[in-house]
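Asker: To start, I am sharing the structure in question, which I have written as structure tokens.
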Ligand SMILES: C[S@@+](CC[C@H](N)C(=O)[O-])C[C@H]1O[C@@H](n2cnc3c(N)ncnc32)[C@H](O)[C@@H]1O
């Protein structure tokens, strides 16, 4: 049986990332040398910093009447800039979907992946589905894992490979694959491939390279069950992260636990939140579930 533990995971920022304020439907954050103001539907309370502080942001994402919007930038705001986390170097960028190429709260996951792979003390083969700009893959590869990265977006994969170069990790064994996550998992099953670690960060909605539709609520349970079948006899970690779904962390944990039942171990799950450096309100960002095997005797 899998032991389940519900826990809110709190990321209080790092040298190059700080949550400065939240409220009024937005968040104010420092990414490296730049302060960004972005919409956030969770921040329904009032901001604590005065409006002048928010107005001084280097870039502000203004929503339009529909789903979209655009960045309004100060003259000194570059489109893309360098960031660092724990010795990794990567680019952040203002994207048209108000994202920046890094989900800073995931630093909590990176630390966990890094520690777990280093502590394993043996070769670890990791599958990173929906790998985006590659940060989880780079953390794992640096810790000694052999990594298979899968994403449907060519620009995301190019960005991830650039991050690999910037981090000086081009000699590390990472397979970069442009593929639909579901099709890839099905193919790996037929090939009887095995992995010792599984990481996935599926979006609420997405498309594979050939237009394959991905909807979290509809496709996640099947994808997770298939991916869990690829786990070796002695896996070291499983991590699922998700944003913007209407799925409760309990529902996520139920799906994950179903497929890992026979393996025992511990499944920690809950909300992933950002905390400001100075005491203040936590900002919910997403949900996660992460599994570890029974510790070895
Ligand atoms: C932005 S990341 C994950 C971030 C976060 N979970 C979110 O919902 O915004 C999502 C990644 O999934 C990729 N993606 C979307 N649909 C996919 C699919 N069917 N197969 C593989 N990757 C896919 C996107 O290209 C993107 O890089």
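Asker: Go through (1) under 25 Å from residue 121 (Cα atoms); (2) within 19 Å of the chain's Cα centre (by Cα); (3) more than 16 Å from the ligand (Cβ to nearest atom) and name the single condition residue 275 misses.
Answerer: (1)
Every residue, every condition in (1) crowded, with 22+ Cβ neighbours inside 10 Å; (2) outside the structural domain of residue 226 (by TED's automatic domain parsing); (3) touching a helix residue (DSSP H, G or I) at 6+ places or on another chain (Cβ under 8 Å); (4) not in a loop (DSSP other than H, G, I, E, B), yes or no:
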| site | (1), (2), (3), (4) |
| --- | --- |
| 132 | yes, no, yes, no |
| 161 | no, no, no, yes |
| 171 | no, no, no, no |
| 185 | yes, no, yes, yes |
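Asker: I'm told residue 223 meets every condition in (1) touching a residue at least 12 places away in the same chain (Cβ under 8 Å); (2) away from the ligand (no atom under 12 Å from the Cβ); (3) touching a helix residue (DSSP H, G or I) at 6+ places or on another chain (Cβ under 7 Å) except one. Can you identify the failing condition by its number?
Answerer: (2)
Asker: Could you check, for the range 237-254, whether at least one of its residues is over 25 Å from residue 111 (Cα atoms), in contact (Cβ under 8 Å) with a residue 24 or more places away in the chain and out of contact with any helix residue (DSSP H, G or I) (no Cβ under 7 Å at 6 or more places or on another chain)?
Answerer: Yes.
Asker: Another one. Scan the range 173-183 for residues that are surrounded by fewer than 20 Cβ atoms within 10 Å (Cβ to Cβ) and assigned to a strand (DSSP E or B) and jot them down.
Answerer: Across the range 173-183, the qualifying residues are 175, 176, 177, 178.
Asker: For the range 126-156, which positions are over 14 Å from residue 201 (Cβ atoms) and within 11 Å of the ligand (Cβ to nearest atom)?
Answerer: Selection gives 154, 155.
Asker: Determine which single condition residue 89 fails, assuming it passes every other condition in (1) crowded, with 19+ Cβ neighbours inside 10 Å; (2) part of a strand (DSSP E or B); (3) in contact with a helix residue (DSSP H, G or I) (Cβ under 7 Å, 6 or more places away or on another chain).
Answerer: Status for residue 89: all satisfied but (1).
The values are calculated or read from the model by the stated rules, or taken from the named source; none is laboratory data. Please read these numbers as outputs of a predicted model, since none were measured by experiment. FYI the Cβ positions are ideal-geometry reconstructions off the backbone, even for glycines, and counts take in every protein chain you see.
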